[in-house]
Amino acid sequence: MTDASGAPRERPKSPHLMTGGFGSPLLWRWHITMFTSIAHRATGVALYLGALMLAGWAVALATSLGETDHKTYVDYMALLGSPLGKLVLFGLTLSVFYHLANGVRHLMWDSGQGLDIKSANFTAVAAIAFSIAATLAVWGIAAMTGAL
């Protein structure tokens, strides 16, 4: 139905502007599928940064091949082996497994399956649980074999 008066209507507001300002209750409430969507994007960015780290490792290896002491490579490996480096590598491992699991979820959705709320919530929990379990398994095996 159209407005016959011809007066301009107010433009619709974005949901985050309808809450009344800073500190007021939000219009949207957080739910797990919202978290998984944001986490999927964040892990994609993390994997891009991890690819840059891998490229840095390859450059350090390549530039150290002609040297007798392999200083560049040793320094890079020392950085990755530091507590901060291990934390970053742990986060990258978690990102790989989460992005993989959530990517499979998206493939299911592309085929038209699992789009109902109950299935979407279940697969969200499953993706998070898988990524945590797989990350802990990989790091546990690395610790048991002395790779850490």
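The values are calculated or read from the model by the stated rules, or taken from the named source; none is laboratory data. The structure presented is a predicted model; accordingly, all values stated were derived computationally and were not measured. Cβ sites come from the backbone with ideal geometry, for glycine too, and all protein chains shown count toward neighbours. Side chains are part of the model used for accessible areas, which takes the heavy atoms of the whole protein and leaves out ligands, DNA and RNA. Shrake-Rupley method; radii C 1.70, N 1.55, O 1.52, S 1.80 Å.
For the reader, a short list of remarks on this structure follows.
- Restricting the first member to region 72-100 and to residues that are of a type in the set (A, V, I, L, M), and the second to residues that are open to solvent by less than 50 Å² (accessible area, probe 1.4 Å), the beta-carbon pairs closer than 6 Å and six or more apart or on different chains are 79/85; 92/50; 94/131; 94/135.
- Failed criterion for residue 35 (all others in (1) modelled with pLDDT under 95; (2) within 23 Å of residue 122 (Cα to Cα); (3) in contact with a Ser or Thr (Cβ under 9 Å, 6 or more places away or on another chain) hold): (3)
Matching residues to (1) surrounded by fewer than 14 Cβ atoms within 10 Å (Cβ to Cβ); (2) charged (D, E, K, R); (3) assigned to a helix (DSSP H, G or I):
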residue: 59; (1), (2), (3): yes, no, yes
residue: 85; (1), (2), (3): no, no, yes
residue: 89; (1), (2), (3): no, no, yes
residue: 96; (1), (2), (3): no, no, yes
residue: 99; (1), (2), (3): no, no, yes
residue: 108; (1), (2), (3): no, no, yes
residue: 113; (1), (2), (3): yes, no, no
residue: 118; (1), (2), (3): yes, yes, yes
residue: 121; (1), (2), (3): no, no, yes
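- Residue in region 139-148 that is open to solvent by 50 Å² or more (accessible area, probe 1.4 Å), part of a loop (DSSP other than H, G, I, E, B), touching a residue at least 24 places away in the same chain (Cβ under 8 Å) and over 19 Å from residue 31 (Cα atoms) present: yes
- When the residues of region 68-78 are filtered to those that are of a type outside the set (Ser, Thr, Tyr), farther than 25 Å from residue 134 by Cβ and open to solvent by 70 Å² or more (accessible area, probe 1.4 Å), the one that is modelled with the lowest pLDDT is 69.
- In region 111-118, the count of residues that are among the polar types (S, T, N, Q) and touching a helix residue (DSSP H, G or I) at 6+ places or on another chain (Cβ under 6 Å) is zero.
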